[in-house]
Each structure stands twice: as structure tokens, then as C-alpha cells.
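Only the coordinates and a few stated rules stand behind these numbers; no lab work does. All values derive from a computational prediction rather than experimental measurement. Positions of Cβ are generated from backbone atoms using ideal geometry, with glycine treated the same way; all protein chains shown enter the neighbour counts.
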Amino acid sequence: MRFIVFIFIFIVCSLFTMAIAEEPVPEIFPAAITWISGELPGNSSIEGDWIWSEEITQGEVKVHEEGITKGIESHLFRTDFLVKLNQDSKVIQYVNVDPENMPLGIMLKFFLGSDKEVSLYWEGKEEAFVELDEYITAWYMGFIPEPGRWIGLEFNCKELDIKDAELVGMEFIVNSGRAWWGETVIINQDSGQPLED
């Protein structure tokens, strides 16, 4: 009798253990990760005039620019240091617009996996990127930020219809002027350890 009870307990415990093992483990996203901070992440390839400024910093962190632009100019990078995004992710890009060389507009472009791109732009009283309209679809985010100080441009992935995606690169675009680009920070609602590939 004791032997039968032992076998029964063993089977119940085994089934319970198997049920736990079969439950899917939820993917952990980082609470916050600073993707760009004085240097590019991982092994990165760049295009355009990528300049680490010697004129200005964000605190003690080096910032990047493409110099004083005449017309629409940009610099971009792609990296093997991928950051996973979900619809609850938020991206903060710090920017400082040059008050002495006030641009007509600025634009950010995010390169996601599967060759998808998401573009956001800010402009003054005049339309700054009308000549690009036939080539890209971009989200208008409002007036260009106040010049002469660091401002965090914040946007939620849910509002941009970004659900499950991998961020693989960015492009920084300025129309006729100069902007310094500081840290790029990704924040997720779910806490956890930094998740990178």
C-alpha cells in the first residue's frame, strides 16, 4: 500500500514539474538602456559626415553633429548591437539646436529589422521637408525645439505603431543649420536586465 502511495505521489509531482517547464518564459526587456552615449554602440558602420563635436558636450558626454548644413544633410549608423522594442517602449533623443545657426527643421529616422523605417520630424513656421514627402512617410512631431539648451525628444512606440521590433540604426537629419545630438535612451515599462543581441 505504501508503495502504491509513493508511486502516486511521484507521478503527481512529475506532472506538476512538466507543466511548469512547459510554461513559456516571458521575454525580459531592459528597464532602460543608453544606446548612444559619447560613442556608437557595438560594431557600427556610418554614412555621412559624422562629427564628434569639440565645441559642446552634454554634461561630460561627447555629442555628434554634421556641422552647419546648407539644405538637407544627414549622418547615420547601423550596428550589430540591436535593441528590442515593444509597444510599451519609449525612446528619448537629446538634442541641442544651435541658436546661431537655427535650422528650418530636424528629423530622426529609425532603422528597424526587416528593412522597416520610421521617420519623425520637427520644423519651424515653414515646411522644412516638403521635398522629401514623395519619398518617405514621416510623423510630424511639432515645432522645432527651443534652441540653446538640451531637450529630450520623447516618443512612445505605441503611438508610432511599433510593436515587436529590433532597432538596428538611426539617421540624424538637419535642414539648413546645425543641431547637436546627445544621448539616445530607450526605456521599457517592463523591468529586467539589458537585452541585446
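The figures follow:
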quantity: Those residues of the range 52-84 whose amide nitrogen sits under 11 Å from the label point placed on residue 176, 7 Å along Cα→Cβ; calculated: 70-72
quantity: Cβ-based exposure ranking for 89, 45, in which fewest neighbours within 10 Å come first; calculated: 45, 89
quantity: Order of 185, 83 - criterion: other Cβ atoms within 10 Å of each residue's Cβ, fewest first; calculated: 185, 83
quantity: Dipole magnitude (debye, nearest 20) for the range 29-187, charges at Cβ of Lys, Arg, Asp, Glu; calculated: 420
quantity: Positive-end residue, the range 29-187 charge dipole about Cα centroid, Cβ charges, pick of 184, 56, 76; calculated: 184
quantity: Nonlocal amide H pairs with residue 82, under 5 Å, H built at 1.01 Å; calculated: 197
quantity: Full-stretch length increase - residue 32, residue 54 - with 0.36 nm per residue and alpha-carbon distance subtracted; calculated: 5.1 nm
quantity: Cα-projected label distance for residue 61 with residue 187, points at 7 Å along beta-carbon direction, nm; calculated: 1.3
quantity: Whichever lysines have a C-alpha closer than 24 Å to that of residue 163, once near sequence neighbours (fewer than 8 apart) are set aside; calculated: 84, 90, 109, 116
quantity: Packing-based ranking, highest mean first, of 99-111, 61-73 given that Cβ atoms within 10 Å are counted; calculated: 99-111, 61-73
quantity: Under Karplus coefficients 6.51, -1.76 and 1.60, residue-wise ³J(HN,Hα) of the range 68-85 in Hz, glycine/proline x; calculated: 7, 8, 10, x, 8, 9, 8, 9, 8, 8, 10, 9, 8, 8, 7, 10, 8, 10
quantity: 180, 139, 150 arranged by Cβ crowding within 10 Å, fewest neighbours leading; calculated: 139, 150, 180
